Amino acid sequence: MGSSSSSYAPKTVYLDVDGKVQRVGVFKELQHTPYNYDAKEDVLQNVLSQVAEQFSRAFRINELKTEVTNRLAMLEKRVELEGLKVVEIEKCKNDLKKLRNEVTSRSGTRVNCNCKYNFSDDGKKLSPRRDVPSYPKYTLSQETIEALKKPTFDVWHWEHNEMLSCLEYMYHDLGLVKEFNMNPITVKRWLLAIQENYRDNPFHNFRHCFCVSQMMYGMIHLCNLQDKLSRTDMCILMTAAVCHDLDHPGYNNTYQINARTELAVRYNDISPLENHHSAVAFQILSMPECNIFANIEPESFKQIRQAIITLILATDMAKHGEILDSFRQTVDNFDFTKEEHVKCLKMVLIKCCDISNEVRPTEVAEPWVDCLLEEYFMQSDREKSEGLPVAPFMDRDKVTKPTAQIGFIKFVLIPMFETVMKLFPQIEEIMVQPLRDSRDHYEELKHIDDAMSEKKKMESMSLGGNKK
């Protein structure tokens, strides 16, 4: 065999990285030789290995992968920790707010019903929540899912995080998240912001918000409204229910007006609380991280916004007679294709849900009466200390639980629900009959109270006669 020697000429490899020419390495190029192909193949493999190694070093692929993985893990941990910190901070804020309210209620001095939103400060809003909401995701059992659809649902057995998960489920179940292309994380942030903006009042608190929203969800199913109303209408009903008492200060419109509070002055004594609830609702929605309507057309949002405001304003009991009379005029010839008829129905539905506690079983409904009376007494005590008029039904020296409930059930609740029953007969057994039973229950309690009072009066007279 002939012999010749292989020659190798050194070669330098350069790469263009982001517009900059960089030297990767120096390699020997295999020159063509007439023999020893195996040696050539080995050398070629060595060259390719060196090129691959140099490429890996040039771009730091392995290092970058490790670095990115570590940074992601650190960020996830940070989000988790920051979320927990936020929850703890909000808990401290709530404790401080409760303490401040207690001090204020005992001080005897007039203090405006301050709101979380100081509208005199331009652009002042909630601190944005950019973290992923940290409330746990609860998997609802089939039993809970079915119970949520009924007015008998016991709202006292649930913690705030569980109520948030139930509300989240309702929006998904009704198809609202899909219909309006809501970001699921945004829905979580929005619900958490809603919960944070209900005060820790005895009655007008987040549990009341959940109570009203769950009753609305139940009526949607009970009255088959999914087959009669559009998803837009259901979204309006649910969102108005969730937002209807936002930042309620625990003192009603009468107090706001008589005390000439900031809210009464701002809204010219016209439904000051309901106007405020609406304003807070849309301040929350104005934040991108809480805007569940971010993906709908501006004109659609405008219509939804106006409809939600209309429903929240309808919860002012000063408008009760006017709204019910309007509904009575349409109910006998109700037409679901007429916009005005549907608008009137939605106003009556949110009114029903807002004051529906007595529809629930006695063991669920009665604690709400205690909560409401506690809030009434806080107001009447302040009104007395400030020299303002006191409503008899709020005066702890004049009202009892039976007297507070009998008139309200007989002259407000039953007439309204019986009117709705004309359009939806299926509510009689599960909603109207419990109201009649509740009326009878409190009338019986009143008879007992009256008998006890009469007995004490006779005993007092008898003792007085003996002294003479």
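The values are calculated or read from the model by the stated rules, or taken from the named source; none is laboratory data. As the structure is a prediction and not an experimental result, all values here were calculated from the model. Every residue, glycine among them, receives a Cβ derived from its backbone with ideal geometry; neighbour counts consider all protein chains shown. Surface accessibility is based on the protein's heavy atoms, side chains included, excluding ligands, DNA and RNA. Shrake-Rupley method; radii C 1.70, N 1.55, O 1.52, S 1.80 Å.
Quick note on the stretch 316-418: its Rg to Rh ratio, both from C-alpha atoms and Rh being the Kirkwood radius, is 1.07. GLU454 contributes an accessible area of around 90 Å² to the protein surface, as traced by a 1.4 Å probe with all chains present.
Estimated at the nearest 10 Å², the accessible area of ASP316 is 20 Å² with a 1.4 Å probe.
For ARG436, ARG260, the ranking by accessible surface with the largest value first comes to ARG260, ARG436, using a 1.4 Å probe. Stokes-Einstein diffusion for the stretch 168-455 at 10 °C, viscosity 1.306 mPa s, with a Kirkwood radius from C-alpha pairs, works out to 79 µm²/s.
To put it simply, the accessible area of the stretch 168-455 at a 1.4 Å probe is 50 percent carbon and sulfur. Sorting TRP156, TRP190 on solvent-accessible area from highest to lowest, probe radius 1.4 Å, gives TRP156, TRP190. A Förster distance of 51 Å, applied to the separation of the beta-carbon atoms of ILE430 and MET74, puts the FRET efficiency at 0.45.
Only alpha carbons enter this Debye calculation for the stretch 179-312, each as an equal point scatterer, and the log10 of I(q)/I(0) it gives at q = 0.11, 0.19, 0.20 Å⁻¹ is -0.42, -1.16, -1.25.
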